[in-house]
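Right, one structure below, let's go through it.
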Amino acid sequence: MARIAGVDLPRHKHIAYALPYLYGIGQTLARQICEKTGIPPNKMTEELTETEIKKIRELLESDYTVEGDLRREVQMNIKRLMDLGCYRGLRHRKGLPVNGQRTHTNARTRKGPRKGMANRSRKPAT
């Protein structure tokens, strides 16, 4: 089993489709990594030799930020915006969309489930 950057890659997938299981690596970057290391993208993960896995590991450590380091970097960027008190930081703090999307309707992913009309007193019909 190939373990890279603390993540077990799926065994029965081509390496070009297994590498995106790492945070910070997408399809395009996975193909570039295969090209730079000289590993064919259609090779299965379980067929990789130790030297090939080592090549991938070394390339990722030297040229790319992935997994924990990248998550930490993103969180620090968000925290910096919040500490500055800029508009984007305030939107992060309030849990609202940051990039100018409408919030009158939609935005449910950021805002969470609808609250409803809580504690609304109604007079009984007479």
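The values are calculated or read from the model by the stated rules, or taken from the named source; none is laboratory data. All values reported here derive from a predicted model rather than from experimental measurement. Quick reminder, even Gly has a Cβ in these numbers, built from the backbone with ideal geometry, and neighbours come from all protein chains shown. The area values use the complete protein model at the heavy-atom level, side chains included, leaving out ligands, DNA and RNA. Shrake-Rupley method; radii C 1.70, N 1.55, O 1.52, S 1.80 Å.
What to note about this one:
- Subset tally (residues that are closer than 18 Å to ARG11 by Cα, in contact with a Lys or Arg (Cβ under 9 Å, 6 or more places away or on another chain) and not aromatic (Phe, Trp, Tyr)) for segment 21-49: 6
- Annotation note: of ARG80, ARG11, ARG3, ARG102, the sole residue that is open to solvent by 90 Å² or more (accessible area, probe 1.4 Å) and either at pLDDT 95 or above or hydroxyl-bearing (Ser, Thr, Tyr) (or both) is ARG80.
- Restricting THR51, THR45 to those that are hydroxyl-bearing (Ser, Thr, Tyr), surrounded by fewer than 15 Cβ atoms within 10 Å (Cβ to Cβ) and more than 17 Å from the chain's Cα centre (by Cα) reduces the list to THR51.
Conditions (1) over 18 Å from the mean Cα position of the chain (by Cα); (2) polar (S, T, N, Q); (3) open to solvent by 70 Å² or more (accessible area, probe 1.4 Å), marked per residue:
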| residue | (1), (2), (3) |
| --- | --- |
| LEU22 | no, no, no |
| LYS55 | yes, no, yes |
| THR65 | no, yes, no |
| GLY68 | no, no, no |
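- Selection count where residues are more than 13 Å from VAL66 (Cα to Cα) and hydrophobic (A, V, I, L, M, F, W, C), scope segment 1-32: 6
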